[in-house]
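S.K.: Structure in structure tokens, see below.
The values are calculated or read from the model by the stated rules, or taken from the named source; none is laboratory data. Please read these numbers as outputs of a predicted model, since none were measured by experiment. Methodologically, a virtual Cβ is constructed for each residue, glycine included, from the backbone with ideal geometry; neighbour enumeration extends over all protein chains shown.
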Protein chains: 2
Amino acid sequence: MPELRKDPVLGRWIIISRERSKRPTDFLVEKAEVTGGFCPLCPGNESTTPPEVFAFRDNKMSGMDTPGWQVRVVPNKYPALVIEGDLDKEGVGLYDKMNGIGAHEVIVESPNHDEDFAYLKSEDMALVFMAFKSRLNDLLMDKRFQYVMIFKNHGRAAGASLEHSHSQLVALPILPRMIVSELEGSLSYFNYKERCIFCDIIRQEIKQKERVVCQNDDFITITPFAPRTPFEMWILPKKHSSSFRRDDDASMYSLAKLFGESLRRLDSCIPNVPYNFVLHTQPLRLDYMEHFHWHFEIVPKLTSIAGFEWGSGFYINPMPPEEAALFLRESL
Amino acid sequence: MPELRKDPVLGRWIIISRERSKRPTDFLVEKAEVTGGFCPLCPGNESTTPPEVFAFRDNKMSGMDTPGWQVRVVPNKYPALVIEGDLDKEGVGLYDKMNGIGAHEVIVESPNHDEDFAYLKSEDMALVFMAFKSRLNDLLMDKRFQYVMIFKNHGRAAGASLEHSHSQLVALPILPRMIVSELEGSLSYFNYKERCIFCDIIRQEIKQKERVVCQNDDFITITPFAPRTPFEMWILPKKHSSSFRRDDDASMYSLAKLFGESLRRLDSCIPNVPYNFVLHTQPLRLDYMEHFHWHFEIVPKLTSIAGFEWGSGFYINPMPPEEAALFLRESL
């Protein structure tokens, strides 16, 4: 059973998932690139993954765990957390831990092995976002979960271990530190100004223009004022909304159009750059929030960034976001 | 002039240091390994670095910027922050920024090009820590600075761009988020318990034994209860002390003995593993603290850790710290 452990000073939760490795030197071994060989995420190989928990199918006659799907969601075969069991919260002296209960799922974004997420047709990418929504709404029913983290590792340097385009979802019985800090920061602004800080950011960025990458009626992509890495981008809905899972399907299409364009602009600036994106949305158990605003953060993984910065939370960024936005605007 | 920028939601400060790169694709280029060629940190090449700001010399007759030193501190030739100028704090709409004023120095840990920090003699490593102390006490005089971050990137994957063993120091006019969070967390524990949380951690670890790597009369090395990576280690003074720069020179020798042993144990478990260490100590302008406790955090940089985790602040660690401590204890 994996374990969730809380750092007593920072309040940061960590998953200890011991199944994954054994000897010390195993941790140094580079992951083998999956090349040409067998792909468990391809149509026809459905039986090699755990049974699907959700799918969009263009062939309405096709059955579960058979080809005919456009987007398919399956439990991770090597989950960091397990779905069965009780939380069993426990104090160990001054430390806190609980059983590593949670869901760990893989969202297969396309049946085509060589598809690049950035180049999906908007209507196909919209299905991926609708799958996110559907899973969020389904996992909401499980009262053990506080937060669902949805993210994508694109490229090996960003942590992807399978070539076939996919994103991941981890349902957690705790709130990750990242979200706690964002909620605190945005609430403290709201208490002072009685306005959502993200709405204010959007207004200011539209007026100042220099950090806007692209926008449409519903969404905007900016390079944030204080980015961790060159070409970091945030995608936000223009209309206030704290909860991704409550937004309608029409907006998912609009999001897909802008998301795809943003990633293609990035790819055009730095071809094949590895990146991670993370959905930041409100916790499952809290009411709709006036002070918080869902958004995606896209963080390129650049090899010239020192390891130190990731470890300390303190970042030195060699590229001003205004320059990055200019490159991105002129890239397509 | 570099810039310091604050993320308005998280309160996280970022350095934008534009000098370092130009075209988008420059960020993808792997840093060339320095091999065999010219080393600016070697004795005899002192004139190729900016003039030294501090040195320990075994040849007392040797002059500044000439050979004869054991530890030498020089300004970084490519500083992320600059020492001359005013802070000029400024609001830009809802954003905050200030001039990138600060010191960025390189601590050359040995005159020998091939020296590995972990294998320095204790009396030589003690000089490195005394150099840290001396720089901290000197930079304290500059009222613009709030915090001095001292860290080491060991190995190319951890961000080292020069082979010759060295650590770095960045004096900042702000408090890094990492320290703010630690001060808040430890103060909240102190307010409740009226005890230092780190002192309590040390007491509990000594009693439980399972996460202790090694110890001597003055210091202890543990694998923390909720580590971010396999083989993460913390080194703490057993006696309460919030401020590294106030500890006496005798304790620096004792620290060096345990620090070296800890790194050699790590190296024996995972040969040549890249790592970062960061000194966590109290801010310059605050009084001695009953609730905070200085320490070093050593974080190995392991290639099998997904990029996602560094970007999100949310960690999945495949090795329980109890197992890591066992490997480390049995390694020498």
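S.K.: So which residues in the range B:170-201 are out of contact with any helix residue (DSSP H, G or I) (no Cβ under 6 Å at 6 or more places or on another chain), more than 11 Å from chain A (Cβ to nearest Cβ) and within 30 Å of B:GLY85 (Cα to Cα)?
M.R.: B:PRO173
S.K.: Then there is this: I'd like the full set of residues that are closer than 16 Å to A:PHE198 by Cβ and not hydrophobic (A, V, I, L, M, F, W, C), limited to the range A:211-231.
M.R.: Across the range A:211-231, the qualifying residues are A:ARG211, A:GLN215, A:ASP218, A:THR221, A:THR223, A:PRO224, A:PRO227.
S.K.: A:ARG72: basic (Lys, Arg) and buried (at least 22 other Cβ atoms within 10 Å of the Cβ), yes or no?
M.R.: So A:ARG72 passes the test.
S.K.: Quick one: how many residues across the range A:275-289 are of a type outside the set (A, V, I, L, M), over 15 Å from A:ASN137 (Cα atoms) and out of contact with any Lys or Arg (no Cβ under 9 Å at 6 or more places or on another chain)?
M.R.: Number of matching residues: 1.
S.K.: Would the range B:134-147 turn up any residue that is closer than 19 Å to B:ILE298 by Cβ and either not in a loop (DSSP other than H, G, I, E, B) or not assigned by TED's automatic domain parsing to the domain that holds B:THR48 (or both)?
M.R.: Looking through the range B:134-147, none of the residues is closer than 19 Å to B:ILE298 by Cβ and either not in a loop (DSSP other than H, G, I, E, B) or not assigned by TED's automatic domain parsing to the domain that holds B:THR48 (or both).
S.K.: Now for a different question. Is it true that some residue in the range B:140-160 is within 10 Å of chain A (Cβ to nearest Cβ), aromatic (Phe, Trp, Tyr) and closer than 20 Å to B:PHE259 by Cβ?
M.R.: Yes, the range B:140-160 has at least one match.
S.K.: In this structure, does A:ILE270 turn out to be on the phi < 0 side of the Ramachandran plot, surrounded by 19 or more Cβ atoms within 10 Å (Cβ to Cβ) and modelled with pLDDT under 95?
M.R.: yes
S.K.: Further, regarding this structure: Just checking, how many residues over the range B:56-100 are of a type outside the set (Gly, Ala, Ser) and under 30 Å from A:ARG203 (Cα atoms)?
M.R.: 11
S.K.: Oh, and also: Is it true that A:ARG228 is over 28 Å from B:SER17 (Cα atoms) and either assigned to a loop (DSSP other than H, G, I, E, B) or aromatic (Phe, Trp, Tyr) (or both)?
M.R.: In short, no.
S.K.: Further question on the same structure: How about the range B:249-262: which of its residues are out of contact with any Leu (no Cβ under 8 Å at 6 or more places or on another chain), charged (D, E, K, R) and modelled with pLDDT of 95 or more?
M.R.: Within the range B:249-262, just B:LYS257 meets the criteria.
S.K.: Ok, one more. Could you tell me how many of the residues in the range B:152-204 are among the hydroxyl-bearing types (Ser, Thr, Tyr), in contact (Cβ under 8 Å) with a residue 12 or more places away in the chain and surrounded by fewer than 17 Cβ atoms within 10 Å (Cβ to Cβ)?
M.R.: 1
S.K.: Is it true that A:GLY44 is at pLDDT 95 or above, more than 23 Å from the chain's Cα centre (by Cα) and surrounded by fewer than 16 Cβ atoms within 10 Å (Cβ to Cβ)?
M.R.: For A:GLY44, the condition - at pLDDT 95 or above, more than 23 Å from the chain's Cα centre (by Cα) and surrounded by fewer than 16 Cβ atoms within 10 Å (Cβ to Cβ) - is met.
S.K.: Follow-up. Give the residue that is modelled with the highest pLDDT, with candidates limited to residues of the range B:9-32 that are farther than 18 Å from A:LYS301 by Cβ and in contact with a Ser or Thr (Cβ under 9 Å, 6 or more places away or on another chain).
M.R.: Step by step, filter the range B:9-32, then rank; the result is B:VAL9.
S.K.: Need pairs with beta-carbon distance below 8 Å; first residue of a type in the set (Val, Ile, Thr) and within the range B:107-119, second in a helix (DSSP H, G or I) and surrounded by 19 or more Cβ atoms within 10 Å (Cβ to Cβ); sequence gap 6+ or separate chains.
M.R.: Qualifying pairs under 8 Å: B:ILE107/B:VAL128; B:ILE107/B:ALA131; B:ILE107/B:PHE132; B:ILE107/B:ARG135.
S.K.: Name, by its number, the condition in (1) out of contact with any strand residue (DSSP E or B) (no Cβ under 9 Å at 6 or more places or on another chain); (2) closer than 30 Å to A:PRO318 by Cβ; (3) of a type outside the set (Lys, Arg) that does not hold for A:GLU290.
M.R.: With respect to (1) out of contact with any strand residue (DSSP E or B) (no Cβ under 9 Å at 6 or more places or on another chain); (2) closer than 30 Å to A:PRO318 by Cβ; (3) of a type outside the set (Lys, Arg), A:GLU290 is out only on (2).
S.K.: Of all the helices (runs of 4 or more DSSP H) wholly in the range A:243-332, which have at least 2 residues that are of a type in the set (A, V, I, L, M) and more than 8 Å from every other protein chain (Cβ to nearest Cβ)?
M.R.: A:249-269, A:321-329
S.K.: Somewhere in the range A:205-225, is a residue assigned to a helix (DSSP H, G or I) and buried (at least 18 other Cβ atoms within 10 Å of the Cβ)?
M.R.: The answer is yes, given that some residue of the range A:205-225 is assigned to a helix (DSSP H, G or I) and buried (at least 18 other Cβ atoms within 10 Å of the Cβ).
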